[in-house]
Amino acid sequence: MSKRIYLDHAATTPLAPEVVQLMTDIWTHDFGNPSSIYAEGRKARMIIEGARKEVANAINASLGEVFFTSCATEANNMAIKNAVRDLGVELIISSPTEHHSVLHTLKSLERDTAVKIVFLDVDPFGQIDLNQLKIVLESSNRKTLISLMFVNNELGTIHPIQAIAELAKEHNALFHTDAVQALGSYEIDVQNTPISFLTCSAHKFNGPKGVGFIYINGDNIVKPLIDGGAQERNMRGGTENTAQIAGLAMALKLALDNRVERMQHILSLRDYLIGQLKLKIKDIQFHNNYEGESHPKIINFSIPSTPKTELLLFNLDINGICASGGSACSSGVESASHVLEAIGLSEERRAIRISLSHLNLPEELDIFVDVLEKHL
Ligand code: PLP
């Protein structure tokens, strides 16, 4: 089989070879239970605490504010459900373009509790209006949580995190941000940006799947979502996955050490791809705000729907190209994307999401545009 072209890095990323090596070494040699008191356990504990230090340093948090989880979905559930259960939140302000791990958590809270959910309006790029957020905050005297993601996984749109965090602080509201698509690409400093909860997942920055973390600002005393043993300082029961936690920390360090060069490379690939698409594809419309605040790794465009475009992702696949239509997070089945619906994309148009990484090359984008052109 000829080499495949992977253009779906918002769905997941390949493991960095250094991370594979580290995890293999730990799986092979450091299998001790981190809660055991003998040497093997202490070694595993040391690895986990080293990883916690790396993560805490990366976002300028204290060690006691970082908790490892099984994924960002768990971390998002934890942030939102715990804020309602333990911190008296009665109103949640969010956006219809959030990931399902946030939206479905909100839905279940709406069903099971008295909490009120308000969704902000979004523009054609999925951006919120800070004035509307301000109005909602000012018009309520209930304890409020704002849950707005940092970078949108389908459109790349970047929410104004600093301004949202400051507004939240001004109105004595809590602020949760799902930073899954941002960590490793953008600097995050929780001392400068007043965030209550920040959630992340390793597999979006060349770390392993099945591990993530939550930052919980030390002012917020919450109880565990998953009851069990005393792991994670009584905040998350379950034997820690030592190798994956170490893999997360190493992948994050690699991403941050190389952040500036990687972002420059991705930006130049993005500009090149947009130029080629504009040149070669008729009636194309871009849904990522490439002239504004958006992560350059995500290019989301649409073309008029035809019987041929129904098979587009399939044709790309058989020509060796991995790309995505709606969000690829939850299933292999294509269903209408709630994000594209929220920005009002017409059913007459077919959307494609390309998501790039530092590993991509311009030649791969040429092949993608050629194959796309042939199958329209
Ligand atoms: N939030 C965003 C923005 C995502 O893109 C994803 C996953 O794809 C998640 C949350 C869920 O992450 P995980 O796969 O670690 O549960």
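The values are calculated or read from the model by the stated rules, or taken from the named source; none is laboratory data. Remember, it's a predicted structure, so these values are computed and weren't measured experimentally. Cβ: placed from backbone, ideal geometry, glycine included. Neighbour counts: every protein chain shown. All accessible areas refer to the heavy atoms of the entire protein, side chains included, with ligands and DNA or RNA removed. Shrake-Rupley method; radii C 1.70, N 1.55, O 1.52, S 1.80 Å.
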Study note, to complete from the structure: In the structure shown, of K43/K223; K107/K169; K3/K308; K53/K209; K280/K308, the pairs separated by more than 22 angstrom at the C-alpha atoms are K43/K223; K107/K169; K3/K308
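Carbon and sulfur: what percent of the chain's accessible surface (1.4 Å probe)?
Numbers: 8810 of 16550 Å².
C and S atoms contribute 53 percent here.
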Review point. Under 16 Å from the Cα of K278, which lysines turn up, not counting those fewer than eight places away in the same chain?
Key: K374
Practice item. With a probe of 1.4 Å, find how much accessible area the range 1-157 has per residue, and write the answer as a whole number in Å². Key: 45
Review point. Taking the Cα centre of the chain as the origin, how large is its charge dipole in debye, to the nearest 20, when only Lys and Arg (+1) and Asp and Glu (-1) carry charge on their Cβ atoms?
Key: 500
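Hey, what's the range 211-280 come to in accessible area per residue, 1.4 Å probe, Å²?
45
Based only on Cα atoms, what mean projected area does the convex hull of the range 169-322 have, in nm²? Could you put the intermediate results ahead of the total?
Values: hull surface 54.3 nm².
One quarter of the hull surface, i.e. the mean projection, equals 13.6 nm².
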Practice item. Provide the packing ranking of 113-125, 239-251, i.e. peptides ordered by the mean count of other C-beta atoms within 10 Å per residue, highest first. Key: 239-251, 113-125
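Which order, highest average first, do 261-270, 179-188, 32-41 follow once you tally other Cβ atoms within 10 Å for each residue and take the mean per peptide? Working shown, then result.
Values: 261-270: 17.2, 179-188: 23.0, 32-41: 13.5.
By packing density, highest mean first, the sequence is 179-188, 261-270, 32-41.
With runs of 4+ DSSP H residues as the only contributors, calculate the mean residue ellipticity of the chain at 222 nm using -39,500 (n - 2.57) per run, divided by the residue total and rounded to the nearest 500.
Details: 13 runs with 153 residues, N = 376.
The helix contribution divided over the chain gives -12500 deg cm²/dmol.
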Review point. What residues have an amide H closer than 5 Å to that of T69, excluding those fewer than 5 places away on the same chain, when H is modeled at 1.01 Å from N in the peptide plane?
Key: G212, F213, I214
